[in-house]
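As structure tokens, the structure follows; a few thoughts come after it.
All of the numbers you see were taken from the coordinates with simple rules; none came from a lab. No experiment lies behind these values; they were computed from the predicted model shown. All Cβ positions, even for glycine, are placed from backbone atoms using ideal geometry, and neighbour counts span all protein chains on display.
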There are 2 protein chains.
Amino acid sequence: MSTEVKASPRERLLEAAATLTYRDGVGIGIEALCKAAGVSKRSMYQLFESKDELLAASLEERASAFVATLLPAADDGRSPRERILHVFEQVELQAGAPEFRGCRYLAVQIELKDQSHPASRVAHRVKGNLTAFFRAEAEHGGASDPELLARQLSLVFDGASARAGIGADNLTGLIAPTVATLLDTAGVR
Amino acid sequence: MSTEVKASPRERLLEAAATLTYRDGVGIGIEALCKAAGVSKRSMYQLFESKDELLAASLEERASAFVATLLPAADDGRSPRERILHVFEQVELQAGAPEFRGCRYLAVQIELKDQSHPASRVAHRVKGNLTAFFRAEAEHGGASDPELLARQLSLVFDGASARAGIGADNLTGLIAPTVATLLDTAGVR
DNA sequence: AGAAAAATAAACCGATCGGTTTCCCGGTCG
DNA sequence: CGACCGGGAAACCGATCGGTTTATTTTTCT
């Protein structure tokens with residue numbers, strides 16, 4: 001029993017940053033982050049250049065969990081249509097949790113406004129990857145216009161998670177028929 | 001020519017608040033708002049109880065312009081389908097402007113996170129009104145499930161403006177076919 | 001045990017936050 | 001003229017911001 005019974009300061013900081021910025025916004029203070037992580041500011045600034053970099057790194061680290069949670073396994077036997085629907089089933093599932101606040105990557109970009117901010121860049125990349133997944137599946141599924149379908153699905157993804165995040169809609173019975181309609185129209189059976 | 005050659009301090013404050021919070025976020029300082037409005041903090045705090053109330057009031061005031069810009073005239077001769085499409089044409093138009101940053105009401109709610117914040121409540125109401133418009137038109141247009149269609153359209157509205165606002169998509173050729181697909185499926189010709 | 005390295009807590013920095021108060025100037029009255 | 005008064009400029013308040021530094025403790029290594 002030698003391997004990592006406890007998380008490293010770095011991991012704890014990334015975790016705290018991800019959790020607290022998601023709940024309270026990027027305006028959360030460094031002091032609060034360090035306190036939550038049980039790490040001194042001094043150590044934090046040896047591990048990260050700045051708050052901006054910590055924020056960007058925490059989004060980066062969460063990216064793998066993001067895709068792991070949403071995307072289906074790379075080679076499961078299911079059809080492109082089923083694989084796409086799987087993503088939205090996961091969104092609806094997450095939206096049920098009371099602490100759900102929408103897609104963190106969208107929220108960070110909206111809060112920061114500055115597209116050149118390191119964290120905004122990470123967020124932009126992660127969202128680009130999701131769109132790329134949709135496009136690949138759309139192509140594989142024989143969509144009439146894979147690029148269009150991918151953009152439509154990304155739009156629905158962001159719209160759904162945003163509206164659920166602000167409590168404007170609980171998504172029940174909304175996502176599945178909407179996505180199905182788009183898939184049908186695109187010719188993805 | 002006696003009526004309002006210049007805006008009142010109150011109007012200037014509301015305008016400055018709307019402009020600056022839209023560009024820089026709700027974290028913008030009171031000092032900057034007052035400076036931009038050409039009003040002293042002293043006067044500002046005589047006109048508004050707090051920053052929160054100023055923010056809420058500025059959103060409230062912008063609400064009429066919001067609906068005036070997006071919604072068609074109440075009694076133009078067009079069909080429900082055309083009236084719904086009109087809204088999204090306006091969104092696509094606005095998204096072309098370089099300073100466009102997505103729907104301000106959605107942004108405010110995401111930034112504040114607190115749903116009980118006065119400004120969040122105003123935002124929630126305004127968005128509810130838009131959904132109500134969609135629902136009314138959906139009913140009038142004979143949609144098979146007006147409530148579902150209204151939620152779908154709201155979802156597309158928020159998704160589209162959010163993604164355009166963060167520079168993830170320029171919406172060109174995206175909204176019209178998407179909305180048309182939803183309208184078709186709902187049976188709104 | 002004792003030197004060396006690392007990590008902590010906390011003081012500190014200048015700047016800014018939302019909000020209050022003081023001061024002072026320019027009008028408008030009697 | 002002189003008393004008044006609204007409002008602007010700016011000082012001021014305690015709190016917090018991101019970030020640095022000091023001093024002390026804890027850990028590690030020999």
Using alpha carbon centers only, the range B:157-189 is separated from the range A:101-176 by a whole-angstrom value of 13 Å
What Kirkwood hydrodynamic radius do you get for the protein assembly as shown when you take the inverse of the mean 1/r over all pairs of distinct Cα atoms, in Å? 22.2 Å
Relative contact order as a percentage, chain A, C-alpha pairs under 8 Å and 6+ apart, gives 21 percent
Can you list the distances in nanometres, one decimal and ascending, from the B:Q90 label point to the identical position in each other copy, with the point 7 Å along Cα to Cβ? 3.7
So if I restrict to the alpha-carbon atoms in the range B:51-186, what is the Rg, and what is Dmax, the biggest pairwise distance, in Å? 14.9, 45
Position A:S8, label points 7 Å along Cα→Cβ, spacing to each other copy in nm (shortest first, one decimal): 6.2
Answer with one residue from B:Q152, B:G77, B:A107: the one whose Cα lies farthest towards the positive end of the charge dipole of chain B, charges on Cβ with Lys, Arg +1 and Asp, Glu -1. B:A107
How many nanometers, to one decimal and shortest first, lie between the label point of A:A136 and those of its other copies, if labels sit 7 Å from Cα toward Cβ? 4.7
For peptide A:149-159, what's the mean number of Cβ atoms from other chains within 10 Å of each residue's Cβ? 6
Which Cβ of chain B lies nearest the axis of the rotation superposing B onto A, and at what whole-Å distance? B:G159, 1
So for the pair A:K35, B:D76, with labels modelled 7 Å out along Cα→Cβ, what separation do we get in nm? 5.4 nm
In a Gaussian network model over chain A where Cα atoms closer than 10 Å are linked, find which of A:G102, A:G141, A:G77 has the largest mean-square fluctuation. A:G77
